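> Before I ask anything, let me first share the structure, which is written out below as structure tokens.
The values are calculated or read from the model by the stated rules, or taken from the named source; none is laboratory data. Remember, predicted model here, so these are calculated numbers, not experimental data. Cβ coordinates were reconstructed from backbone atoms using ideal geometry, including for glycine residues, and neighbour counts include every protein chain displayed.
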Amino acid sequence: MSTGSGADSAPVPATHDPSPAREKNTFSSLKVRNYRLFFTGQVISNTGTWMQRIAQDWLVLSLTGSSAAVGITTALQFLPMLLFGLYGGVLVDRLPKRALLLVTQSAMGLTGLALAVLTLSGHVQVWHVYLTAFLLGLATVLDNPARQTFVSEMVGPGQLANAVSLNSANFQSARLVGPAVAGVTITAVGSGYAFLANGLSFLAPIASLLLIRTAELHPVARTPRGKGQLREGLRYVAGRPELLWPIVLIGFIGTFAFNFPIWLSAFADDVFHAGAGTYGMLNTLMAAGSLAGALLAARRGTSRLRLLIFAAAAFGALEIVTALAPTFWLFAALLVPVGMCGLTVNVTANSSVQMAVDPAMRGRVMSLFMMVFTGGTPFGAPLIGWVTDTYGARLGFAAGGVVAVLAATAVAFALARAGGLRLSVRWNRGHPDVRFVPREELAAVA
């Protein structure tokens, strides 16, 4: 594709605040003290979160023997975002982010401690896991958009893209450690201690929020209470293709192509006949690729919609290839590039949307982003779980990849149409040259 064509045709404007030139440094935003504190607290909390995710999925699979039950657990955790996500964004635009995060992080820690007590006491049942997953989801309705928007208040617009990428690197770094520790913990002493570790890990982000210097923040004027703010946010996104189509793409991928708890637990248990340690190792390998993708995104410092389309198509194609891998070690090795492409999709979509949105609308737009990314899981996870149970882990995994490829293709054409582009297929020195070009250029050639 040419530099001015394809998915890049819809321009991505800078944020509305003036900003200095972005530093070409992978870790430049960590020079900001407040963000450095926040980042450190999140590393600890995210490690606990990944421990709980692995322990939760394995506990449900152990209690029920059903991949569909794992899918139901995942669906219940993300159902609140689907039901209330947009309203959460309205509240986030109105409320002080730091105080809100202190409440949500405390609530999320309590859900981990409650599940730990139930499991360690020997009274845990599947419905307990379902309930705590749903309660955790309720807290994330406010926590996710508040964390997304609070980053811009800590670092300012000049470091926003870098900080968004480092947030993802933070999450993926924890994903390297958490599953491995969870696998050892589950094997040695049981799932209950993994839940306990997660509950206690929330003390770190709470402490970091309390230590933040409010005078050094870049506060955005809070939106006053008023009527029609939800509709206003939806109209704002609908009128801007550079926001709308990345959100549509991330919705399809989040709903159907990010169901790794279902697929990896099924491959570990049913295909390769291994235990919790192997399940943790598979998650760790994919996290290694995701971390590499996050650090590359932080190094780039910019987000292009063309990269988003390419990464989404590659992600889907790799899922299909991985699903068909005949041996365990080939399957495990392919999870590294799957993780890299998946994380590139997530970070590129997230940062391109944040950089294009008016700061006064950021809470509502990011809530819509998170709602479609995670809120589709209540539909996708049970469906993918049923396909995996009925037709096998390989077909279930491949089905998610097919959806990602089709969605990337459809969104590429939608963005091209919005930018006044047409698909051009030519032969250049004996090789096909496929790209999107302006309609005027194509007509002149014809």
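> Could you say which residue among V141, V181, V177 is touching a residue at least 24 places away in the same chain (Cβ under 8 Å), among the hydrophobic types (A, V, I, L, M, F, W, C), crowded, with 24+ Cβ neighbours inside 10 Å and not in a loop (DSSP other than H, G, I, E, B)? Break it down into steps so the answer makes sense when it comes.
Details: V181 fails: crowded, with 24+ Cβ neighbours inside 10 Å; V177 fails: crowded, with 24+ Cβ neighbours inside 10 Å.
So the residue among V141, V181, V177 that is touching a residue at least 24 places away in the same chain (Cβ under 8 Å), among the hydrophobic types (A, V, I, L, M, F, W, C), crowded, with 24+ Cβ neighbours inside 10 Å and not in a loop (DSSP other than H, G, I, E, B) is V141.
> Taking the stretch 350-365 only, how many residues are of a type in the set (G, A, S) and within 16 Å of the chain's Cα centre (by Cα)?
Looking only at that region, the number is 2.
> Given the residues L76, L86, which is the only one that is under 24 Å from the mean Cα position of the chain (by Cα) and at pLDDT below 85?
Values: L76 fails: at pLDDT below 85.
Exactly one residue qualifies, and that residue is L86.
> Answer yes or no as to whether L334 is part of a helix (DSSP H, G or I), in contact (Cβ under 8 Å) with a residue 40 or more places away in the chain and surrounded by 18 or more Cβ atoms within 10 Å (Cβ to Cβ). Walk me through it before giving the result.
Values: part of a helix (DSSP H, G or I): yes; in contact (Cβ under 8 Å) with a residue 40 or more places away in the chain: no; surrounded by 18 or more Cβ atoms within 10 Å (Cβ to Cβ): yes.
Spelling it out, it is not the case that L334 is part of a helix (DSSP H, G or I), in contact (Cβ under 8 Å) with a residue 40 or more places away in the chain and surrounded by 18 or more Cβ atoms within 10 Å (Cβ to Cβ).
> Can you pull out the residues in the stretch 158-184 that are farther than 24 Å from G199 by Cα and in contact with a helix residue (DSSP H, G or I) (Cβ under 8 Å, 6 or more places away or on another chain)? Outline the logic, then answer.
Restricting attention to the stretch 158-184, the residues satisfying the condition of being farther than 24 Å from G199 by Cα are 158-165.
If the condition is that a residue be farther than 24 Å from G199 by Cα and in contact with a helix residue (DSSP H, G or I) (Cβ under 8 Å, 6 or more places away or on another chain), then Q159, L160, A161, N162, A163, V164, S165 are the ones that fit.
> Oh, and also: Of the numbered conditions (1) part of a helix (DSSP H, G or I); (2) without any contact (Cβ under 8 Å) to a residue 60 or more places away in the chain; (3) surrounded by fewer than 20 Cβ atoms within 10 Å (Cβ to Cβ), L136 satisfies every one except a single condition; which is it?
Unmet condition: (3).
> Also, I was wondering about something else. Can you find even one residue in the stretch 208-216 that is hydroxyl-bearing (S, T, Y), surrounded by 14 or more Cβ atoms within 10 Å (Cβ to Cβ), closer than 28 Å to T377 by Cβ and over 21 Å from the mean Cα position of the chain (by Cα)?
No, the stretch 208-216 has no match at all.
> If you check every pair at least six apart or on different chains, which have Cβ atoms under 7 Å apart with a residue in the stretch 368-381 that is touching a residue at least 40 places away in the same chain (Cβ under 8 Å) and among the acidic types (D, E) first and a residue that is assigned to a helix (DSSP H, G or I) and surrounded by 24 or more Cβ atoms within 10 Å (Cβ to Cβ) second?
Filtered contacts from the stretch 368-381: no entries.
> Answer yes if at least one residue in the stretch 194-204 is surrounded by 19 or more Cβ atoms within 10 Å (Cβ to Cβ), touching a Phe, Trp or Tyr at 6+ places or on another chain (Cβ under 8 Å), within 28 Å of L79 (Cα to Cα) and not β-branched (V, I, T), and no otherwise.
no
> Given the condition surrounded by 13 or more Cβ atoms within 10 Å (Cβ to Cβ), at pLDDT below 90 and either part of a strand (DSSP E or B) or hydroxyl-bearing (S, T, Y) (or both), answer yes or no: does some residue in the stretch 400-416 qualify?
No, the stretch 400-416 contains no residue that is surrounded by 13 or more Cβ atoms within 10 Å (Cβ to Cβ), at pLDDT below 90 and either part of a strand (DSSP E or B) or hydroxyl-bearing (S, T, Y) (or both).
> Right, next: For residues in the stretch 37-51 being of a type in the set (S, T, N, Q) and within 17 Å of the chain's Cα centre (by Cα), which is farthest from I186 (Cα to Cα)?
Filtering first and then ranking leaves Q42.
> Checking the structure you have, find out if any residue of the stretch 205-213 is out of contact with any His (no Cβ under 8 Å at 6 or more places or on another chain), in a loop (DSSP other than H, G, I, E, B) and under 30 Å from L37 (Cα atoms).
Filtering the stretch 205-213 for residues out of contact with any His (no Cβ under 8 Å at 6 or more places or on another chain) gives 205-213.
After this cut, where a residue has to be in a loop (DSSP other than H, G, I, E, B) as well, the list is 212-213.
Still in the list and also under 30 Å from L37 (Cα atoms): 212-213.
Yes, there is a match, as at least one residue in the stretch 205-213 is out of contact with any His (no Cβ under 8 Å at 6 or more places or on another chain), in a loop (DSSP other than H, G, I, E, B) and under 30 Å from L37 (Cα atoms).
> Considering the stretch 349-393 alone, what residues qualify as being in a helix (DSSP H, G or I), more than 19 Å from D143 (Cβ to Cβ) and modelled with pLDDT under 85?
S351, S352, M355, A356, P359, A360, M361, F379, G380, A381, P382
> Mind checking which pairs have a first residue in the stretch 255-282 that is over 16 Å from L395 (Cβ atoms) and without any contact (Cβ under 8 Å) to a residue 40 or more places away in the chain and a second that is aliphatic (A, V, I, L, M) and assigned to a loop (DSSP other than H, G, I, E, B), Cβ under 9 Å, 6 or more apart or different chains?
A268/A274
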